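The values are calculated or read from the model by the stated rules, or taken from the named source; none is laboratory data. Since the model is a prediction, treat every value here as computed from it, not as a measurement. For neighbour counting, all protein chains shown are included, and Cβ atoms are generated from backbone atoms with ideal geometry for every residue, glycine included. Each accessible area value is taken on the protein alone, full model and side chains, heavy atoms only, with ligands, DNA and RNA left out. Shrake-Rupley method; radii C 1.70, N 1.55, O 1.52, S 1.80 Å.
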Amino acid sequence: MTEYGLTQEQVSEKMSKSRSGIANSLRLLNLPEEVIGMVECGDLSVGHAKVLLAITDGAKLTMLAK
């Protein structure tokens, strides 16, 4: 989005996804790398990862990932 100057709406149109779906996916990028890795390899579902977004203490999240 930054590189091409696109809005979430424009990305959603190009990817045939809802704007809210794009926004939710982007929010997952705020999780620690370890947690993102767990989602990528299937050890953690996207739904469970969304719940973890409510935890603001990064150290706690990193502990959960180990």
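How large is the accessible surface per residue of the chain, computed with a 1.4 Å probe and reported in Å² as a whole number?
On a per-residue basis, 74 Å².
In the chain, the inverse of the mean reciprocal separation of distinct Cα atoms equals 12.9 Å; this is its Kirkwood hydrodynamic radius.
Of the peptides 12-18, 41-47, 26-32, the ranking by mean beta-carbon count within 10 Å, highest at the top, reads 26-32, 12-18, 41-47.
When the surface is traced with a 1.4 Å probe over the full set of protein chains, residue 3 keeps roughly 150 Å² accessible.
Computed per residue of the chain from DSSP H runs no shorter than four, each worth -39500 (n - 2.57), the mean residue ellipticity at 222 nm is -17000 deg cm²/dmol. For segment 1-39, backbone nitrogen atoms closer than 19 Å to the point 7 Å from residue 56 Cα along Cα-to-C-beta are found at 27-32.
Overall, the accessible surface of the chain at a probe of 1.4 angstrom is composed of carbon and sulfur to the extent of 54 percent.
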